[in-house]
Amino acid sequence: MRQSCLCSRKRCGYATSTAGHRGVALRRRHNVRVCALAGKQQKQTLDVAIVAPVYNEQDGVHALANAIRSAMDDASLAYKLVLVDDGSTDKSADAMRDVVQANDETVHAVYLRRNSGQSTATAAGLSAALALEPHAIVTMDADLQQDPADIPALLNALHDDKGDAGWGL
């Protein structure tokens, strides 16, 4: 059985070529196979990416980021928050920039030029989240109608039941 490696060598290709990895065993870390050469430079395993479309939510962006950070830290989950500004006419984009600067490692922002609707904003966020290669992606509204504290329970249910998709709890 061929094993894949996700090391710091940008997908070194261990599965297709053993050049540079000859005789190097792969070890399992958080369900990701990583070669022994990866060391401290190995790719961080991302448990979840959270996508939140934002439209005229300037007052709620900071609260959203804080609530998600609290929930993910309490559950010890590695996460990235992807905020998508759907052409807001208020200062939501500025609030998003502030959140990104305050949380540069965990928050990413996508800015749409004009209002295209929640579905388009969600699709843009999903595209950005897929590039982060998380184990799971969760979508939620930026107005906190869904409680970020429910995300760990959703992920546990998916993991325990070996599910591919989850819908609410």
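Listed by first and then second residue, the pairs linking a residue in the range 144-155 that is under 13 Å from residue 64 (Cβ atoms) to a residue that is open to solvent by 30 Å² or more (accessible area, probe 1.4 Å), with Cβ atoms under 7 Å apart and 6 or more places separating them unless they lie on different chains, are 144/63; 144/67; 148/67.
Yes or no, residue by residue, for (1) over 13 Å from the mean Cα position of the chain (by Cα); (2) of a type outside the set (S, T, N, Q):
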| residue | (1), (2) |
| --- | --- |
| 53 | yes, yes |
| 62 | yes, yes |
| 70 | yes, no |
| 73 | yes, yes |
| 77 | no, yes |
| 86 | yes, yes |
| 101 | yes, no |
| 105 | no, yes |
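Among the candidates 124, 95, 128, the residue that is in contact (Cβ under 8 Å) with a residue 12 or more places away in the chain and under 19 Å from residue 66 (Cβ atoms) is uniquely 95. When you go through 157, 142, 131, 78 one by one, which is the residue that is touching a Phe, Trp or Tyr at 6+ places or on another chain (Cβ under 9 Å) and either among the aliphatic types (A, V, I, L, M) or within 16 Å of residue 47 (Cβ to Cβ) (or both)? None of the other options fit; the residue is 142. When residue 32 is tested against (1) β-branched (Val, Ile, Thr); (2) open to solvent by less than 80 Å² (accessible area, probe 1.4 Å); (3) at pLDDT 95 or above, exactly one condition is not met: (3).
The values are calculated or read from the model by the stated rules, or taken from the named source; none is laboratory data. The model shown is predicted, which means the values in this text are computed figures rather than measured ones. As a convention, Cβ positions derive from the backbone with ideal geometry for all residues, glycine included, and neighbour counts pool all protein chains shown. Protein only, heavy atoms only, side chains kept; ligands, DNA and RNA dropped before computing areas. Shrake-Rupley method; radii C 1.70, N 1.55, O 1.52, S 1.80 Å.
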